[in-house]
Amino acid sequence: MEVGFKTDKGLRRTNNEDACFVMKRDRIFIVADGVGGNNSGEIASRTCVNESAKYVETRPLTGNESAEELQEYFEDCLRDVNFKILEMSQRFEWNKGMATTVVIAYICRDTLYIMNVGDSRGYILRDGVLTQITEDHTYVNTLLKAGLISEAEAEHHENKNMITRAVGADYTIEGDFFQVRIQPGDIILICTDGLYGEVDSRELISKLEEDRTMTDICSELVDAANRNGGSDNITMVVLKITEEDFDE
């Protein structure tokens, strides 16, 4: 597996409230996008990725879990992280209201498992087709699914960045769980809205298909997002599945 990752504050933000964590040995990859006043969004996202990684380190996966067991595992992980962020927001006044999106990707043999909360996304690129795996937990997506607005209206809606689910936002948390069969040559992208909000799918495909290292591709994608406006923090993890991944 080839892995690249990068985070950048963009051109218009004074600090970076995104975070990511790569656990290549465990095949766990995490991206988060924090929200909140002052620097609390940054605290929320970093707490989320660090505590998620700690959960995995203290409860290592064997690789023999069923999909149902994995869903329960990552739900328990998010409940644990959710409690920690809530506790921090209640203990310190300046952290009040902080929360974060999260995407956790896990690769085991020929399957990609993803758990997400919020509007950070997971994609798979195969044979020139980029498919969004996750579903955005946003107010606008709720309207779109209900048929109340069109995709064109959703694209320019004034509340398009309003998320309806986040880690640390409430005492209960509900993530979506997905599983996708993978094959050699597939490219997996998990990212915050600072990337996909600035770089359209055609340009994403073009960059991801370049014959370069995943690290270089991440740098190219950050540059593209900034060229197109850089209005938000930009964070991604990019994975290329190789033949060797299926020999292990």
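Quick notes
- Averaging over all projection directions, the Cα-based convex hull of segment 123-222 occupies 8.0 nm² in the image plane.
- Proximal lysines to Lys84, defined as alpha-carbon separation beneath 24 angstrom and excluding residues fewer than eight positions away on the same chain: Lys54, Lys96
- Computed over the alpha carbons of segment 1-116, Rg followed by Dmax gives 14.9, 46 Å.
- Ratio of Rg to Rh over segment 167-232 (Cα coordinates, Kirkwood Rh, two decimals): 1.07
- Taking only the Cα atoms of the chain, the ratio Rg/Rh comes out at 0.95, with Rh defined as the Kirkwood radius.
- For the set Lys160/Lys240; Lys6/Lys207; Lys24/Lys145, the pairs lying more than 24 angstrom apart at their alpha carbons are Lys160/Lys240; Lys24/Lys145.
- Highest mean packing first, where packing is the average number of other Cβ atoms within 10 Å per residue, the peptides 8-20, 202-214, 145-157 line up as 8-20, 202-214, 145-157.
- Shape class of segment 75-181 from the Cα gyration tensor (axes a ≥ b ≥ c, square roots of the eigenvalues): oblate, since a/c reaches 1.5 or more and a/b does not exceed b/c.
- In terms of other Cβ atoms within 10 Å, Glu72, Glu93 run from fewest to most in the order Glu93, Glu72.
- Placing pseudo-labels 7 Å out from each Cα toward the beta carbon at Asp211 and Phe246 gives an inter-label distance of 2.2 nm.
FYI, it's all coordinate maths here, none of it is from the lab. Here the structure is a predicted model, which means the values were calculated and not measured. Backbone-built Cβ (ideal geometry, glycine too); neighbour counts: all protein chains shown.
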